[in-house]
Every structure is written in C-alpha cells, then in structure tokens.
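Colleague: Let me begin by handing over the structure; questions about it come next.
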Amino acid sequence: MDEIVFMKHFDIDIEEPPPDTIGKFNLQGKTILLVNTGSPNKRFIFERLKELGLTIVVLHCEKNWAQPFVDHWILADTYNHRECVEQVKRFLLRNSNVRIEGVTTFWEDDIPLVAKICEEFHYCGNSTAAALHTRSKFHMHEVLCDNGRPFIPQRLLENENDLDEAMRSVGFPAVIKPKFGSDSQFVVYVANETEARAGYQYVRENCTEAFDPIYYYNKGKFVYQKFVRGPEFSVECYVQNGIPHVAGINEKTGMELPFFMETGDYCPARLSDFQRQQLEEEVKAAVCALGVENSLAHVEIKLTKNGPQIIEVASRMGGVYIYQNVKQVYGFDLIRAACEIALGIKVTEIPLPPQKYILAKFFIPKVSGIIAKMNGFGDLKRHAGVVDFYIGKTINDAILVPPDGYETLGWVIAEGSSYKEARRIIDRIMGATALELTLPNIAPLPEARGVLAKVSVPLLS
C-alpha cells in the first residue's frame, strides 16, 4: 500500500504572500477540503471559493446542489467522525494527484469534525478541545469561569430534578437552550416556574434529530442559564496562530420573547468608541480562553450595566448575511480569510474603518402557515439602496415560526448614508411587501394538518 504523506502546518512558518500581492494573494492551485455543503443558501460561499481559484474537495453525505462547484467528493456520514476520517484516508490513497492542503467548514454541525480531521492529518486548525468549547453552550461558560472571564450562571439539565435545582440556584428570569444547538432554535425565555416547566417540556419533546440532525449531538441535554439583559451584538473575528483580530461588529435588532429568532442587524453597530473597545477586548479575551487558535470566530455578546458579557462563541463564520455585511461595511472578506487560515497562509486583508451604514432585516410572518400569495418580493432589487436579498420560500411552501418551527421567508440588506436612511429604506420595503398565508391547524413542529383560513399576515417589524 502506498504511504500517505499528509501536509503539516504546525511546525512551519506561515506562508507569506509576495510583497506585490498583499491584499490579493492568489489562491489559484490550492486545494481545500470543505466539510459539509450546507443548504442551498450557502451557494454564495461556493461561488466565492471558485472566484478565489481554489480546487474544492467536499466531504458530505451525498452529492447535491453544490455539484457544479465541487471538483472532488468524499462521501461519508458527517455525524460519524471515524467513518469520515477513514474515507478521507481512502480518498488520498486513491487520488495521489490531489494534495489537500487544509480543511474548513461554514456549517455549525461540523466544527468538531473539522478539528478531528486537523488532528488526524496535521492540518492547520483548532484543537478538538477548542471545538468542544465553542460548540457546547454549557462547556463554554464553564471554561470562561475557570479562566476568570465574565460568565453566565448556569446548570445542565438532564431531568426534572436538574430543573428544580436550576430554578433554585440560578433563579429567574432564565433561558433554556440545547447544549449543542444552532440558529437560536429551541432557545426559550422563562420568567417563572410555570414557564420553566412548560419550556423544558417543549424543548425535550421537540428538540430532536427528527427536527434537525444537529441534535444528534445534544443527547437530550439542555442548559438553564440566567437571562442577561442588554443590547446584543455579533462580533466577527479571524484568529491566526492564537492571535484574535476583530473584522466587524453587527448590532442585533430586537427579538420577540419568549423565543430568540433573529430579526435583523445594524452594521456597523451603534457604539461609542469606548463601548466598541470594551466589546473587542472581552471578545478577544474570551476567544483566547476558549482555546481558538486558527479559524474564524462568531461571537454573540451583550453590553450590560456591568460591562460586556459573552453569550456564545462559535469557531466559524457567522451565518446568513454576516459575510455580506462585513464585506460591504468593513471591506473584509471572511471567506478568503477562512481559507487562508486553513491553508497556513497569512491573512492578507485588513478590516477598514466602516465605509457605509447597513440595516439587514428578515422577513418573518407572525404566524405559521402555507404561503398562498407573495406580493412585492419580486421587486426587491428595484428598491434604491438594496444591497442584497435572499428569498428561500415560494407559493405553497410551509413557513413555520415559533413554536411550530424556526423559519423565515428570507432577508434583505439596505444601505444608506446614515442609520436613519437605511431604516427608512427597510420601512419602505416592509410597506411594499405582503404575505398571504393559508392557516393550518398546526401542532408544534409536525407537518401542518387541516386548513382553517386564508389571511394576510403582518411581518415582524
């Protein structure tokens, strides 16, 4: 059997781009392993990878919509890490002409798998411990506490007795969330014992693999955390050789409790220089405490009366439109940076001072239903100030909002010369779009049954 020679980056200096290509280092000819394609709304990532000239090897359970962008497939169950490692080995043996030089993912589920592959094949990335610390919503705050950083009081929930203890020791108001969650799904605000018991029953019954395969990792475990008050921000970072850098800051628009569905973001965040510095310093300290060394980082953080408080940290790029926001406002390409880090190349771009004002907004109906009519969404690109948009539903599709599901119709990004102008554009778009739903008799989460009525449904403002 041929000997497999793996690339190793940890014991060599980071590759420096030639002086005349700073900021536009050519990745042509580099081969990267991408774990998981994600859903079709990740198409822009593949388009950008191809623009960068990369050869793309994808590790995924099956060939899918990404076929036009993929040069080589490695098929394996990405929830079976041992199988994935073996299939990567087999691919390298059978394709000696393909030299994989790094691995990355843009999908929350696969952060631990990427770390395992980095460990096995000596690629540049995070340790398996750092991957766990940035996936487990429980371990995350235990590590922050152990390292002297601000943390959220919490208890791990495995049964009703744990809930009783959590209510006594942590108190109210509180948040119940999956230990291994994603996209704010099954994150529930509870203000008293009655709500806590109902919320815990809701997540235990519905937060399952049948709803989303990511909950394979959850194993029926949840986290009970003290609710943190204050405006919330997402800070996008890149970390190389253990040194974190802030690429951009988004400010989240209000959410409708008891659920935590994202509704939109201002970018750049509306912060004073002192507040921005506070956030950046705490984010960098937390990322280091969690052991993130070589990856992007998406950090959710609140500014409380006692200072910044980390909510969650993910060692990946922020989802949905975060890439577009950071590129538009700060001129920084997170996808390029993720690839450069994975390939052991010094990140070539530097975030610029904010160039414009952006407001991104989701289209979210106030109730679940079947889409009967969509008015005005086909004209989004005609609105002055629209930077980008995505519509992921069409006529006759179901759209399920809490407590039935966690879906949106899509989103739109508007830019202006001020926050106020961006807000006016978004308000105009919201006024020019309308959604008519057929309201079914929906029990939480299963498929809709029994049509009740057709109504025009307001979108969350």
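Colleague: Could you list, in sequence order, all residues of the range 107-127 that are part of a loop (DSSP other than H, G, I, E, B), of a type outside the set (S, T, N, Q) and under 19 Å from residue 291 (Cα atoms)?
Modeller: Of everything in the range 107-127, those that are part of a loop (DSSP other than H, G, I, E, B), of a type outside the set (S, T, N, Q) and under 19 Å from residue 291 (Cα atoms) turn out to be 122, 123, 124, 125.
Colleague: Tell me, which residue of the range 267-314 that is out of contact with any Leu (no Cβ under 7 Å at 6 or more places or on another chain) and of a type in the set (Gly, Ala, Ser) is farthest from residue 132 (Cα to Cα)?
Modeller: Among those residues, the one meeting the criterion is 272.
Colleague: Got a sec? Which of 393, 356, 366 is within 30 Å of residue 104 (Cβ to Cβ), modelled with pLDDT under 95 and not aromatic (Phe, Trp, Tyr)?
Modeller: Step by step, each of 393, 356, 366 is checked, and only 356 is within 30 Å of residue 104 (Cβ to Cβ), modelled with pLDDT under 95 and not aromatic (Phe, Trp, Tyr).
Colleague: Pick out the one residue from 199, 181, 148, 171 that is buried (at least 18 other Cβ atoms within 10 Å of the Cβ) and assigned to a loop (DSSP other than H, G, I, E, B).
Modeller: Residue meeting the stated conditions: 181.
Colleague: Right, next: Cβ contacts < 8 Å: first residue without any contact (Cβ under 8 Å) to a residue 24 or more places away in the chain, restricted to the range 49-67; second residue in a strand (DSSP E or B) and of a type outside the set (Asp, Glu), any location; separation 6+ or different chain. Result?
Modeller: 50/56; 61/75; 62/75; 63/73; 63/75
Colleague: Next up: Among the residues of the range 349-379, write down those that are surrounded by fewer than 20 Cβ atoms within 10 Å (Cβ to Cβ), within 20 Å of residue 329 (Cβ to Cβ) and among the aliphatic types (A, V, I, L, M).
Modeller: Within the range 349-379, 350, 352 meet the criteria.
Colleague: Give the residues of the range 72-98 that are exposed (fewer than 14 other Cβ atoms within 10 Å of the Cβ) and touching a residue at least 40 places away in the same chain (Cβ under 8 Å), sorted by residue number.
Modeller: Once the filter is applied, which keeps residues that are exposed (fewer than 14 other Cβ atoms within 10 Å of the Cβ) and touching a residue at least 40 places away in the same chain (Cβ under 8 Å), the range 72-98 yields 93, 96.
Colleague: Sticking with this one: Report those helices (runs of 4 or more DSSP H) wholly inside the range 272-342 carrying at least 1 residues which are within 24 Å of residue 360 (Cβ to Cβ) and free of Cβ contacts under 8 Å to residues at least 60 places away in the same chain.
Modeller: Helices (runs of 4 or more DSSP H) meeting the threshold: 273-289, 322-330.
Colleague: Looking at the range 362-375, can you tell me whether even one residue there is part of a strand (DSSP E or B) and under 14 Å from residue 414 (Cα atoms)?
Modeller: Yes: one or more hits.
Colleague: Next up: Could you list all residues from the range 305-331 that are over 14 Å from the mean Cα position of the chain (by Cα) and within 17 Å of residue 144 (Cα to Cα)?
Modeller: Selection gives 306, 307, 308, 309, 310.
The values are calculated or read from the model by the stated rules, or taken from the named source; none is laboratory data. Predicted model only: the values in this text are computed from it and were never measured. For neighbour counting, all protein chains shown are included, and Cβ atoms are generated from backbone atoms with ideal geometry for every residue, glycine included.
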